[in-house]
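Since the structure comes first, as structure tokens, the remarks are kept for the end.
Every read-out reported here was derived from the displayed coordinates using simple, explicitly stated rules and does not represent laboratory data. The structure displayed is predicted, hence computed values, not measured ones. Using ideal geometry, Cβ is built from the backbone for each residue, glycine included, and neighbour counts are taken over all protein chains shown.
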Amino acid sequence: MNGSAYSSSFLDSGSNGLFFPSTTLTACGAWYCPSSTQSFTATITSTTGTSVNVGFSVGQSTALFTTGNYAFNNLARSVSGYFDWGLPFFFGRRVFTALEGCATPAGAGPYYAF
């Protein structure tokens, strides 16, 4: 994102938001809270060099938390040095994983496919 590469990034359905560094998004406490929902694109590149652009958005955390919901497709927080594609990444798409050394019709793991 923003031309930065984060080689230790990962997909993680156990993280409740997207976690990434930003110098342009405002934070309210720990979570980002832009005045309006912001749209972004980041590129995910595999170890073989295949890449895909992934669109995502960041909503105002303070407004999200007042809805009474427990899961959000645009909740994000700041971290340093990596991009954690948390639960919002999984909403609206099928995500497949293959464990290291396990054979699949698409080839041996490890890999993510979406």
Relative contact order %, the chain, counting alpha carbon pairs below 8 Å whose residues are six or more apart: 33
Quick one: 3J(HN,Hα) in Hz for the stretch 4-11, Karplus 6.51/-1.76/1.60 with θ = phi - 60°, rounded, Gly and Pro as x. 8, 10, 10, 6, 9, 6, 7, 9
Sequence-distant or interchain residues sharing an amide H contact under 5 Å with LEU18, placed H: which? LEU75, ALA76, ARG77, GLY86
Contour minus Cα-Cα span, TYR112 to LEU11, at 0.36 nm per residue, comes to 35.5 nm
Per the 1/(1 + (r/R0)^6) rule, R0 = 22 Å and r from the Cβ atoms of GLU100 and ALA71, FRET efficiency to 0.05 is 0.15
Ordering of 47-59, 8-20 by burial proxy (mean other Cβ atoms within 10 Å per residue, highest first): 8-20, 47-59
Hey, what does the equivalent ellipsoid look like for the chain, semi-axes from the Cα gyration tensor as sqrt of 5 times each eigenvalue, largest first, whole Å? 28, 16, 11
On a full-extension model of 0.36 nm per residue, what is the gain between SER36 and THR23, subtracting their alpha-carbon distance, rounded to one decimal in nm? 3.0 nm
Residue by residue through the stretch 76-86, the couplings from Karplus 6.51 cos²θ - 1.76 cosθ + 1.60 with θ = phi - 60°, in Hz, x for Gly and Pro, are 9, 9, 7, 9, 10, x, 7, 10, 9, 7, x
Alpha-carbon radius of gyration plus Dmax, which is the widest Cα pair, for the stretch 51-99 in Å: 12.8, 38
